[in-house]
1. Do you know which of the residues in segment 569-608 that are open to solvent by 70 Å² or more (accessible area, probe 1.4 Å) and aliphatic (A, V, I, L, M) is farthest from Leu318 (Cα to Cα)?
2. Can you go through Ala323, Ala309, Ala372 and tell me which one is in contact with a strand residue (DSSP E or B) (Cβ under 8 Å, 6 or more places away or on another chain) and open to solvent by less than 60 Å² (accessible area, probe 1.4 Å)?
3. Within segment 303-344, which residues are free of Cβ contacts under 8 Å to residues at least 12 places away in the same chain and of a type in the set (A, V, I, L, M)?
4. For segment 18-63, give me each residue that is under 30 Å from Gln271 (Cβ atoms), surrounded by fewer than 16 Cβ atoms within 10 Å (Cβ to Cβ) and more than 27 Å from the chain's Cα centre (by Cα).
5. Considering only segment 518-568, state which residues are surrounded by fewer than 18 Cβ atoms within 10 Å (Cβ to Cβ), at pLDDT 85 or above and hydroxyl-bearing (Ser, Thr, Tyr).
6. Is it the case that some residue within segment 414-421 is under 30 Å from Asp317 (Cα atoms) and either acidic (Asp, Glu) or without any contact (Cβ under 8 Å) to a residue 24 or more places away in the chain (or both)?
7. Please state which of the following conditions Glu108 fails to meet, knowing it meets all the rest: (1) modelled with pLDDT under 90; (2) surrounded by 12 or more Cβ atoms within 10 Å (Cβ to Cβ); (3) farther than 19 Å from Glu199 by Cα.
8. Glu544 passes all but one of (1) in a helix (DSSP H, G or I); (2) out of contact with any helix residue (DSSP H, G or I) (no Cβ under 7 Å at 6 or more places or on another chain); which number fails?
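The values are calculated or read from the model by the stated rules, or taken from the named source; none is laboratory data. Remember, it's a predicted structure, so these values are computed and weren't measured experimentally. When we count neighbours, we look across all protein chains shown, and the Cβ atoms used for this are built from the backbone with ideal geometry, even at glycine. Surface areas here come from the heavy atoms of the whole protein model, side chains and all, with no ligands, DNA or RNA. Shrake-Rupley method; radii C 1.70, N 1.55, O 1.52, S 1.80 Å.
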Amino acid sequence: MIAKMSKYDFVLYAGQSDDFIERLRELGLVEITVRGWEADDSERRLVSELDARLKAVEALRQFRSGDEYSPEAGVLPQGGDVFALYTRTAQQIADLKTETARLAKLAEDWRAWGAFSPAAVEGLADAGVYLRFFTTPKSTFDKNIDEWSRHYDIEVVNDADGTVRFVAIVRSADAGISLDAMEAKLPQCDSAGAESESERLRGEIAKLNAVMSQCADSSAAIEAECAELKERLQNARIKTSAQREADGMLLVMEGWAEKESSHKVDAMLEQYPDVVYIKSDPTPEDETPVKLKNDRFSRMFELIGSIYALPKYGTMDLTPFFAPFYMLFFGICLNDAGYGLVLMIAGLVLLLKSKPGTMKNAAKLTLLCGGATVLFGGFCGSFFGVNLSEYFPGVHFYDFQNRFFSMALALGVVQILFGMILKIILITSTAGIVKALPSIGWFTVVAAACLAMGLPMMDESLAIPWFGSSSPAFYAVLGAGAAMMLLFNSKNPLLSIGSGLWDTYNNVTGILSDVLSYIRLFAIGLSGGVLALVFNSLAAGFAEGSGIVMKIIIMVPILLVGHGINLFMSAISSLVHPMRLTFVEFYKNAGFEMSNRVFDPLRKQNDK
């Protein structure tokens, strides 16, 4: 259900706005409306500082989970600027890693040249003997060595891997030299020297990693800075978007609180000096924030509904109504008791490791959907693609492949009709029974058609003798429904009939496509079962004729990989497609209206 809200209009002196907002934040029950906020230079700096610290907290969190973290490093002394130390240390580590990578590349490039002394090379240059280093393919070297040797002193250093590395000796630093080879620049050290320097730099990085470990253990200080910056930015947004009156001396703000806790807000406002407030109920024109309050079962499915949108204030929260359908549809799509058991184990592990919050709700939802899959998979006699009826011939399992096609359509009709009932209830409660008559008429027509024609199509034994497709009772109900559809859309009869005919066209074409969409339940469940059977047959085929040990060695990897892939793909389909049926078919027929605003009261940021 949607929590009832109370609206507040505050009028206060501009000078007391910071203290007033802080009092509301300490109370933690009031959301202030922010509209049309545009950041100025100071607020943009706040955003930049906050973003840098949030990234630092995330980087330190990842550092703690890595191999470079040292828990023995301890925490930093209190009072130090942890963020500044982190920023400086992170930059130093990045620079050292860049230099280490450069030296590693240098060592790799010059390893083939062997050990040499750059100082000795420079000493030869001082004596008038200059060494120039070249590389060329061996075929090019063999073709040109005689010609090159007539002009230069050539000394081969290495000719491995089809490449010749050689030195040309010249008598002048400016001497021109023309060879069909690539000249290499003389490095500051040989490969051994580069590796030695790399080792020294790695030691420096290890020392800096100890400092980073201290920063990671002291990251609470950065998180406290983030909380302060968030509150400062929040204050700036509220004051900037507030309506200013009396030459800027007064501020007018709009606030919201849950009705059941609004008496606490009233008590605080009564005690706060120089604040005038008006408390009222929301109107349809207000952009009222939304908070859902459901029972323990439905609360787990709020995670699914929030992916699309929250319901508009003043309408109906559909979470408790789509939750059982979603759980059932998930079990139908996955349709294997073995896969459901794996999901239940995964959900249980996640539940034990998760803290209260979104992940814990996701774990509970995984447990529920896995349980639904176990029940439906057991009902159909499928366990990791194995047909249980072959091993339990006395048990009558449901024939999913041959019978569920029509059942999927029937489930679609049931959910769509249920959505129509909810829409009728919503319209009646908000606008009155007269406004709901067109929807009642459309529901009557669809329900009558399903009873008169749909039931016999599924099974002749389900036909109602006195309510067939040619019975007077059927036509009487159709007439009553059509009359409500056509005559109560508007006070103008012609406009009402025209609007009713147009709605009839849209509804007829829409409901056909809506019902057909539920075939995906059958298709996804069938495809997953077929793939599981294929992997079982594949494993058995490769192991045919082998002994028991070889069968285990051959079949287990195939089954693990095959069923792992199938479970992953089927679980995604089982998550997404029931969600699609909920958001498109069910929401549309239930008259769902979305809200773009979630109730988010001011609170101390470090309390979250």
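1. Met569
2. None of the others qualify; the one that does is Ala309.
3. None; the set is empty.
4. Matches in segment 18-63: Asp18, Asp19, Glu22, Glu26, Gly28, Arg35, Trp37.
5. Ser527, Ser537
6. yes
7. Unmet condition: (3).
8. That leaves (1) as the condition not met.
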